[in-house]
Amino acid sequence: MEKEMDNLSLSGHELRISDRKEIYLTGIKKITSFDNEEFLMESTMGVILLKGNNLEILRLDTHDGNVRIKGKINSFTYLEENMKQNSESFFSKLFK
C-alpha cells in the first residue's frame, strides 16, 4: 500500500470554491485530520488548513488526490512547516 501511494498520479494542485458552500481540491496527498469544523490536509504545494461549519467530504479520490468538501467555508490557509520553529525562536530571543 505504501508503494502504491508513492505512485499517485498527482499532477499539480488546483482549488475551486463555489459560493463558500463547496470546495474542490486536487493534488491532495493525505487528509491528516478532519471534523465538521476543520480539515488538515497535505497537498503537493504544502499543508492546508480549511475551517468552516458543517464540513463533510462529498468525494475523496485517493488515487488521483481529488477531494470535494461541502459546508460553510470560513477560511483556507497554507501553513508554513517552519511556522512553529519561527515562533519558538522569536520567544526565545524575547526572553533572553
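Some observations on this one:
- Close pairs (6 angstrom Cβ cut-off, 6 or more residues apart or separate chains): hydrophobic (A, V, I, L, M, F, W, C) in segment 54-69, assigned to a loop (DSSP other than H, G, I, E, B) and modelled with pLDDT of 95 or more anywhere: Leu55/Asn36
- Within segment 33-75, the only residue that satisfies the criterion of being within 13 Å of the chain's Cα centre (by Cα), β-branched (Val, Ile, Thr) and in a loop (DSSP other than H, G, I, E, B) is Thr44.
- Members of segment 1-36 found to be at pLDDT below 90 and touching a Gly at 6+ places or on another chain (Cβ under 9 Å), listed by number: Leu8, Ser9, Leu10, Ser11, Gly12
- Pick from segment 79-96, criterion under 13 Å from the mean Cα position of the chain (by Cα) and surrounded by 11 or more Cβ atoms within 10 Å (Cβ to Cβ), ranking: modelled with the lowest pLDDT: Glu80
The values are calculated or read from the model by the stated rules, or taken from the named source; none is laboratory data. All values reported here derive from a predicted model rather than from experimental measurement. Quick reminder, even Gly has a Cβ in these numbers, built from the backbone with ideal geometry, and neighbours come from all protein chains shown.
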